[in-house]
Amino acid sequence: MLLARLALLCALLPTAALAQREASREALSRLDETLTLRLEEGGLGVKELLPAIVVSVNPAFEETRTWYPTEALSTLVRVFGAAGLRACDACMAPRTYVQEGLVEQVTTNLGAAEITRLDETSRGSSAPARTAIWLDETTEGVSLRIIDLHNSRILLAENFDAAMSGSARTRRNLSLIRELDRRARGDSITHAFFDVTIYPGQHVSLDWMEQWGETNANLSGFSLSLYDPVLGLGGAYYRVIPSAFNISVGAKVLMSLPTGLVRGISGEDVEVLDPLLTAVFMVRVPIARSNYGITLSASTNGQVGIGFSLMNVSLLPFLP
């Protein structure tokens, strides 16, 4: 029985190593794509990054000991170019310092001053390195760190994995922090909804709404209708139900401007096109994570219909 378990374990070990190597390769690909895009868009300043000295490309596994350093250096060369990079072999090995009566071997991480000193002894007549780069393998992918050698300022520190789940978690955490900070300041979020129901009844309106509340589940604001009623103006309120696909349920009360204007001038209780007040009950169902939704409407004028909504913080959500 014991021999069978050992045989099974030995059979699984190469598979695990291969999977880990594949994960590292995919993480380096994501790093390549991300840094190249940031350089093209100007998010990273090449002038303040290069020339750069590569301090560490440590593998995390015995199986990737010979493969990873070469692959990591190749990735950096593809991103920054060979002319702007230099490898620091002394940085990746124990350093021995000999003084009178003292021999010291250092294996700890290098500081900016020591990296600068090692760069001076090896660069010859080349320009001094501006930055230092660490690109080490981790259990989930790779970890990148770039510092400014002049002041030790961290220019970039980020983890990359095959699915970029680490970056996704970071973005979610930053979004949560920004959202909590927004609530603490009391700032609101403005939305614009363009509703069109077309069958069998019609209703067309444009809403400007403020999102508020402890859980941001409330929407309130004013509405301008183009049909049912024609040229109506009023207020609206909706409640978002996150547990039910973020459906928003609410209503709007609209005053017919033509009817109100005629009544104000003539002083008579007349109706022009529509009654003075119209209530419209609304249900919006978002379509996945898009800016579109399916809308149901029912008004006190007898108009019941189904249609669509454009939902976005911009007035014209179909424009970039």
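The values are calculated or read from the model by the stated rules, or taken from the named source; none is laboratory data. Remember, it's a predicted structure, so these values are computed and weren't measured experimentally. Cβ placement follows ideal geometry from the backbone for every residue including glycine, while neighbour counts extend to all protein chains displayed. Heavy atoms of the whole protein, side chains included, go into the accessibility calculation; ligands, DNA and RNA do not. Shrake-Rupley method; radii C 1.70, N 1.55, O 1.52, S 1.80 Å.
Computed quantities for the displayed model
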quantity	calculated
Residue, farthest from ALA60 (Cα to Cα), within region 99-142, restricted to residues that are buried (at least 16 other Cβ atoms within 10 Å of the Cβ), at pLDDT 80 or above and of a type outside the set (A, V, I, L, M)	ARG130
Looking only at region 57-68, and only at residues there that are under 18 Å from ALA87 (Cβ atoms) and free of Cβ contacts under 8 Å to residues at least 24 places away in the same chain, the one that is least open to solvent (accessible area, probe 1.4 Å)	THR66
Qualifying residue in region 234-252 (condition: β-branched (Val, Ile, Thr) and either open to solvent by 80 Å² or more (accessible area, probe 1.4 Å) or assigned to a helix (DSSP H, G or I) (or both))	no
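Here's the yes/no breakdown for (1) modelled with pLDDT under 85; (2) within 21 Å of SER143 (Cβ to Cβ); (3) open to solvent by less than 60 Å² (accessible area, probe 1.4 Å); (4) not hydroxyl-bearing (Ser, Thr, Tyr):
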| residue | (1), (2), (3), (4) |
| --- | --- |
| LEU44 | yes, yes, yes, yes |
| LEU49 | yes, yes, yes, yes |
| VAL54 | no, yes, yes, yes |
| THR70 | no, yes, no, no |
| LEU76 | no, yes, yes, yes |
| ALA90 | yes, no, yes, yes |
| TYR97 | yes, no, yes, no |
